[in-house]
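To start, the structure under review is shown below, and the notes come after it.
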Amino acid sequence: MDPGHAMFSETLKAAARPAKYFVKPEPDDLGVKIRCRLCPRECVIREGEMGYCGVRGVLDGELVTFIWGRPSSIAVDPVEKKPLYHFHPGSLVLSLGTIGCNFRCKHCQNWTISMADADSAGFRLLESEPIEPSALVEICRRHGATGVSFTYNEPTIWMEYVLDTFHYFREHTDYYTCLVTNAFISPEPLEDVLQVTDAYRADLKTIRPENLVKMAEYNHPEKVLETIARVAKSGVHLEVVTNIVTNWNDSEEEIREMAEWMADNVPLDTPWHFTRYFPHNEYREDATPVATLRFAERIARERGFKFVYLGNLPGADGDTTCPKCGQTLISRAGYSAHILVDEPRCPACGEPLRSLVLPERKN
Ligand code: SF4
């Protein structure tokens with residue numbers, strides 16, 4: 001027996017399900033090793049070991065996921081909390097997260113789940129029995145949710161469950177599906193999930209390799225950029241979030257570089273949210289100055305972005321207004337939204353609002 005094999009407990013082995021997205025090279029002198037291709041990190045994993053995200057491993061010569069159907073967190077949230085401001089505004093969305101992540105952001109506000117892994121106490125944070133997608137539909141019905149989202153930690157790392165859930169929802173309900181993600185995913189699973197997701201809420205954390213290394217131990221931000229650019233072309237609803245973090249991605253130069261890249265690669269009516277960082281976990285710099293957020297907002301607007309929002313900032317105006325005449329289209333207070341339009345068009349001046357996806361009205 002491979003010495004590493006004993007690392008997996010009987011509980012973990014019982015939870016294992018076949019994983020997708022890998023290449024399986026020839027065994028070498030040390031035994032089998034499998035390259036995971038779910039995200040660009042492309043971990044090479046040996047028998048009894050976990051990948052970087054801490055939830056996928058090699059068991060009996062096969063790549064497996066240990067977390068199919070096992071959330072650590074499940075709640076019904078306003079969709080504005082994701083944040084998604086132009087997608088079914090005012091709706092409730094069933095929200096699920098598990099443990100693990102393919103990044104290691106030192107300021108992660110959900111670090112207690114994102115930095116846990118399945119091979120330790122982390123597994124005890126999860127549902128003891130897997131939840132079938134059909135049961136998620138029932139939870140939506142009971143709580144008035146009209147969609148399902150994978151959020152809280154990085155959804156990519158349990159893509160097998162995300163895909164099974166989204167396919168089930170597409171086939172059996174008219175509820176929407178959405179991802180809240182760091183966009184660090186490989187092209188093949190991205191194409192698969194784009195077939196069944198209605199909204200993709202992507203982080204643009206940094207555009208600089210030296211900054212990504214500090215938070216993600218990975219130095220190719222272009223992998224994230226490629227994902228965002230691909231989603232922008234796919235027809236799937238896209239909103240982008242940049243959490244401006246003190247003394248990390250908050251230089252004027254980097255904010256300008258991000259705005260340049262965004263303007264060249266995504267439509268200018270894509271909602272772009274700048275959110276305020278607060279100290280979490282091991283990152284203890286002061287909260288983002290309001291002036292820095294206002295600067296980012298100004299630069300994005302100067303580059304032509306029509307819908308720029310500030311988040312985690314009490315008192316910030318979260319209303320959606322017509323970029324042409326200024327008419328208020330959706331008014332917001334906290335996470336509640338009041339929709340003032342019947343169709344994606346300004347009622348005052350007729351400006352089309354291509355990035356606004358409204359819930360269907362049921363008479
Ligand atoms: S999904 Fe996990 S195991 Fe697979 S390459 Fe990414 S970090 Fe590694």
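Coordinate-derived values only; no laboratory data. Quantities reported herein were computed from a predicted structural model and do not represent experimental measurements. Cβ atoms come from the backbone with ideal geometry, glycine included; neighbour counts cover every protein chain shown.
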For the chain, averaging the sequence separation of alpha carbon pairs under 8 Å that lie six or more residues apart and dividing by its residue count, the contact order in percent is 13 percent
Computed about the Cα centre, the charge dipole of the chain from +1 Lys/Arg and -1 Asp/Glu charges at the Cβ has a magnitude in debye, to the nearest 20, of 800 debye
Under Stokes-Einstein, segment 187-249 at 4 °C and 1.567 mPa s, with its Kirkwood radius over C-alpha pairs, diffuses with a coefficient in µm²/s of 103 µm²/s
Treating only Lys and Arg (+1) and Asp and Glu (-1) as charged, each at its beta carbon, one finds that segment 317-363 has a dipole about its Cα centre, in Debye to the nearest 20, of 100 debye
Note, segment 59-66: 3J(HN,Hα) by Karplus (6.51, -1.76, 1.60, θ = phi - 60°), whole Hz, Gly/Pro = x, goes 10, 6, x, 10, 6, 10, 10, 9
The rounded separation in angstrom of the Cα centers of segment 159-220 and segment 243-302 is 21 Å
Checked segment 317-363 with the C-alpha gyration tensor, a ≥ b ≥ c its square-rooted eigenvalues, rounded below a/c of 1.5, otherwise prolate if a/b is larger than b/c and oblate if not; verdict oblate
Between the modelled labels at E171 and V23 (7 Å from Cα along Cα→Cβ) the distance in nm is 3.1 nm
So the number of lysine pairs in the chain with alpha-carbon atoms under 22 angstrom apart, 8 or more residues apart or on different chains, is 23
In Å, the Kirkwood estimate of hydrodynamic radius for the chain over Cα pairs equals 21.3 Å
Sorted on mean Cβ neighbours within 10 Å (highest first), peptides 155-162, 284-291 come out as 155-162, 284-291
So for segment 3-65, using the alpha carbon gyration tensor with a ≥ b ≥ c as root eigenvalues (a/c under 1.5 gives rounded; past that, a/b versus b/c decides prolate or oblate), I'd call it oblate
